[in-house]
1. What single numbered condition from (1) loosely packed, with under 15 Cβ neighbours inside 10 Å; (2) within 21 Å of GLY16 (Cα to Cα) fails to hold for ALA74?
2. Identify all residues within the range 86-116 that are touching a Pro at 6+ places or on another chain (Cβ under 6 Å) and at pLDDT 95 or above; write none if there are none.
3. Would you be able to tell me the number of residues in the range 94-112 that are surrounded by 18 or more Cβ atoms within 10 Å (Cβ to Cβ), of a type outside the set (S, T, N, Q) and within 19 Å of ARG124 (Cβ to Cβ)?
4. Pairs only if they're at least six apart or on different chains, beta carbon under 6 angstrom, first in the range 50-64 and on the phi < 0 side of the Ramachandran plot and of a type in the set (Gly, Ala, Ser), second surrounded by 15 or more Cβ atoms within 10 Å (Cβ to Cβ) and modelled with pLDDT of 95 or more; list them, first residue then second.
Amino acid sequence: MEPRNILIVANQTAAGAHLKALVRDRMAAGSCRFTLLVPATPSGEHLTWTEGEARALAEERLAEAVAGLRELGADVEGRVGDPRPLSAIGDALLERAHDEIVVSTLPPGASRWLKQDLPHRVERQFLLPVTHVVVEPASKP
């Protein structure tokens, strides 16, 4: 039986404990392969930013998160995507079919993705099951 392909879309929450718990649950339910997609969205912490800075921050978050998921035994690959989450997801789905999309966001009020209604927009646009996970950002060492 082929493993399920699960696309996880996260940025600030990529290394969060709640996301790790979801990955553990999916692995316990059966064979899975994960793609962790971190759109290179600009940080809300700075008034000005460059595309290079946004990409470098996304790559840093991706590396930390992929390492954490691999420690759990997850078969995971990572990629930095387009700054626009819907475009990044579309690009990832062109490369490989996925069975589920997990959208990980900050809590309401703090999340730009929730203000954009991203989880519902993803479900409508890509016609795949979408799981929305709300996590706190990982603490910085």
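The values are calculated or read from the model by the stated rules, or taken from the named source; none is laboratory data. These figures come from a predicted structure and were not determined experimentally. In this analysis, Cβ positions are derived from the backbone assuming ideal geometry, glycine residues included, and neighbour counts consider all displayed protein chains.
1. (1)
2. Listed by number, the residues that qualify are ALA88, GLU100, VAL103.
3. Going through the range 94-112 one residue at a time, the tally reaches 4.
4. ALA58/VAL38; ALA58/VAL80
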